[in-house]
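The values are calculated or read from the model by the stated rules, or taken from the named source; none is laboratory data. Computed from a prediction, not measured in an experiment: that's the story for all the values here. Cβ atoms come from the backbone with ideal geometry, glycine included; neighbour counts cover every protein chain shown. Please note that ligands, DNA and RNA were not included when accessible areas were found on the heavy atoms of the full protein model with its side chains. Shrake-Rupley method; radii C 1.70, N 1.55, O 1.52, S 1.80 Å.
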Amino acid sequence: MKRALISVSDKTGVVDFARGLADMGWELISTGGTYKELLKEGVDVVEVSSVTGFPEAFDGRVKTLHPAVHGGILYRRDNDDDVKTIAEMNIGSIDMVVVNLYPFKEVYEREGSTTEDIIENIDIGGPTLVRAASKNYRHVTIVVEPEDYSRVLGELRASGETSLDTRVEMAKKAFSHTAYYDSMIASYFNEVTGDKFPERLLVPYSKKSDLRYGENPHQEGALYVESLGKPSGMASLVQHNGKELSYNNINDLNEGLDLVREFEEPTAVAIKHGNPCGVASDKSLEAAFAKAYESDSQSIYGGIVIFNREVGAELAETLSKIFLEVIVAPSYSEEALRILSQKPNVRVLEQPEASKPLTSSRNLKSVSGGLLVQDKDTQLLGEKLICVTEAKPDKSTEEDLLFAWKVVKATKSNAVVVAKNKTTVAVGPGQVSRIWALENAVKQGREGVQGAVLASDAFFPFGDCVELAAKSGIVSIIQPGGAKKDSESIELADKHGISMVFTGIRHFKH
């Protein structure tokens, strides 16, 4: 007689699966809640204590950790010594293990859970059973996902056993199951101990969706999201309308979401190819978007727009007349959703975090053969703004400087941003020379540069940027400071009557 050990936390479909095994003559062994559930449903099952000869102990901490269980799973059916030992020890064969693990994640995330609750939901016997059965996949079937019950029953009904291919596939799933589970526990203890950069980095991610392709059609791609803790970022998006998100959509959305969260006033952020192409703040979202759109109506075409306030019907009417790939806001009025749903291809996304300040976290970036890990760049300024020139910015100018500084922080380096009236006039991103970035911005901004302010994500190595800024009509500059030739830039600013402030902090973004 074949025997299966069934002990599951997720009991989805387990009664029907167990009944199917029993109908084919399998003997069923079970533990705790699973045993009671099967018994209640009239499935013929024996308790694991009748196999081990020992009762469950320590509030269920010890149930299956016994040679009578693990010997029955691990012995090699094609090894004469193993078969002889099993017979001598009077240990019965266990040919299938159906196990999924204590709900550690659910308990961790549950409001009101104590440390004791979390610790008690670290499974010990379950992973041991899963790993034992997976190691012996040539002879034992391991099942950890309810979705695989029908496949296993189908093969057993057709041929009396599961195929080797199936057992290999199930073992692969099982080892991923336990590794993923342990990574969540490791992450929890890193959090408890405050270890941001542990010796071994184990980060639990689960696949949210496959993507049509990656950055380009010849590249495959998928989206994975953080698994432990309250869903955030890409994991907490709600899509109301439109096609599936692409790799590039998600990448741009991530950049824009970080930027819009820098602002307290109603703000509209347009993103194209990972860079801001129009940003504005105003007293209303409608006014902010109008300014952002006018600042670069060409680049915004086919881009992403993100807002930090609810989108209403008036703004939705405006947005519906423009070709956009993605619209993101913390919420929408019912009428706004009705209007935007009339454009079936535009992705309309709800992200409550868009209205909340940035929070500290880690950035992970893959590199060849490794992973770069750093703190997320959430700090805006150093200790304080320091004016280093004879001319001082007035209140309105200082507000523009801080606005431009937030935008340049989100722009690929080397970067400069020209702004006026809390609106981007021009964005100069991603140049290998800082003067080239400024030249591009000046060319793009044309006459709008007159009377505007300039933000640079890093210091000016030479005075050439100040000279060009003065020639272009820039009235104030914000930059980190710290260059060997700061004095040259300061002297030139004084010469041209430009005010300049140092932030004491750099915002490279690569």
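Simple spin-label estimate for residue 433 and residue 212 gives 3.9 nm between the two label positions (7 Å along the Cα-to-Cβ direction from each Cα). Using the empirical formula 2.2 N^0.38 Å as the baseline, the Cα radius of gyration of the range 236-350 reaches a ratio of 0.92. Could you tell me what percent of the DSSP beta bridges with both partners in the chain are antiparallel, to the nearest 5? Once the DSSP bridges in the chain are tallied, antiparallel ones form about 55 percent. Around residue 388, what is the net charge, scoring Lys/Arg as +1 and Asp/Glu as -1 over all other residues with Cβ under 10 Å from its Cβ? Around residue 388, the charge tally is -3. The charge dipole of the chain, taken about its Cα centre with unit charges on the Cβ of Lys, Arg, Asp and Glu (plus for the first two, minus for the last two), comes to roughly 920 debye. Residue separation of residue 93 and residue 495 scaled by 0.36 nm, minus their Cα-Cα distance, works out to 135.7 nm of gained length. Here residue 107 and residue 40 are evaluated by their C-beta separation; at R0 = 25 Å the FRET efficiency comes out at 0.55. Please work out the FRET efficiency for the pair residue 179 and residue 23, using the Cβ-Cβ distance as r and a Förster radius of 30 Å; give the result to the nearest 0.05. That pair, residue 179 with residue 23, gives E of 0.30. In this structure residue 139 has an accessible area near 40 Å², from a 1.4 Å probe over the protein heavy atoms.
With every protein chain in place and a 1.4 angstrom probe, the accessible-area ranking of 147, 334, 317, largest first, reads 334, 147, 317.
Rolling a 1.4 Å probe over the protein heavy atoms of the chain, with every protein chain left in place, gives an accessible area that is 49 percent carbon and sulfur. Once the C-beta distance of residue 373 and residue 59 is scaled by a Förster radius of 30 Å, the resulting FRET efficiency is 0.20 to the nearest 0.05. Here the spin labels are modelled as points 7 Å beyond Cα on the Cα-Cβ line, and at residue 236 and residue 359 they lie 0.6 nm apart. Given axes a ≥ b ≥ c from the Cα gyration tensor, I'd like to know whether the range 386-502 is rounded (a/c under 1.5), prolate (a/b larger than b/c) or oblate. Taking the square roots of the gyration eigenvalues as a ≥ b ≥ c, the range 386-502 is rounded. Here the relative contact order of the chain, from alpha carbon pairs under 8 Å that lie six or more residues apart, stands at 8 percent. Within the range 236-350, antiparallel bridges make up roughly 60 percent of the DSSP beta bridges whose residues both belong there. From its DSSP helices (H runs of at least four residues, each -39,500 (n - 2.57)), the chain gives a residue-normalised ellipticity at 222 nm of -11000 deg cm²/dmol. Relative protection proxy for 197-205, 295-303, from highest mean packing down: 295-303, 197-205 (other beta-carbon atoms within 10 angstrom). A simple spin-label model places pseudo-atoms 7 Å from Cα toward Cβ; at residue 200 and residue 314 they are separated by 5.9 nm. How much area per residue is accessible in the range 386-502 when the probe is 1.4 Å and only protein heavy atoms are counted (Å²)? I get 41 Å² per residue for this part.
For volume of the Cα convex hull per residue in Å³, several values are listed as (i) 154; (ii) 142; (iii) 196; flag the one computed from this structure. Answer by label: (iii). The residues of the range 3-193 expose on average 50 square angstrom of accessible surface per residue, using a 1.4 Å probe on protein heavy atoms. Between residue 191 and residue 80, the contour length at 0.36 nm per residue exceeds the Cα-Cα span by 35.1 nm. Rolling a 1.4 Å probe across the protein heavy atoms gives the range 236-350 an accessible surface of 41 Å² per residue. DSSP assigns beta bridges within the range 3-193; of those with both partners inside it, close to 5 percent run antiparallel. For the peptides 214-221, 435-442, 372-379, the ranking by packing is 435-442, 372-379, 214-221, with the highest mean count of neighbouring Cβ atoms within 10 Å listed first.
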